[in-house]
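What follows is a set of notes on a single structure, which appears directly below.
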Amino acid sequence: MQNIQHYVLFPNHDSGMRLYKELKNLGVRATIAPTPRTASKCCGISLMVREEDLDIIRTCIKEHEIEILKIAAVERDINPRRDKYC
């Protein structure tokens, strides 16, 4: 299992939704997610994407002139006991 997860960060919600729509049209898997605090302190959405799709995503961003803040690689923080109280 990969220990790094990639997120596309946006300055606003509209840019995130535009890229999400364009990626879906291309058949690229993306998941709308909250922005990880380790990647940015700003509130907002991000798109969680696969590393192998990054070249296609960068091309899509340029072709459709979608504004992003950055593509961040974040170490996964998987805690199987999170939110378990018993």
Just flag the GluC sites (Glu not before Pro) in region 17-77 sitting in loop per DSSP whose Cβ has no more than 14 other Cβ atoms within 10 Å.
Glu65, Glu67
Please work out whether region 4-75 counts as rounded, prolate or oblate from its C-alpha gyration tensor, where a ≥ b ≥ c are the square roots of the eigenvalues and a/c under 1.5 means rounded, while otherwise a/b larger than b/c means prolate and anything else oblate?
oblate
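No value in this document is a laboratory result; all are computed from the given coordinates. In this text, all values refer to a predicted model and were calculated from it rather than measured experimentally. Reconstructed Cβ throughout: ideal geometry from the backbone, glycine too, with neighbour counts over all protein chains shown.
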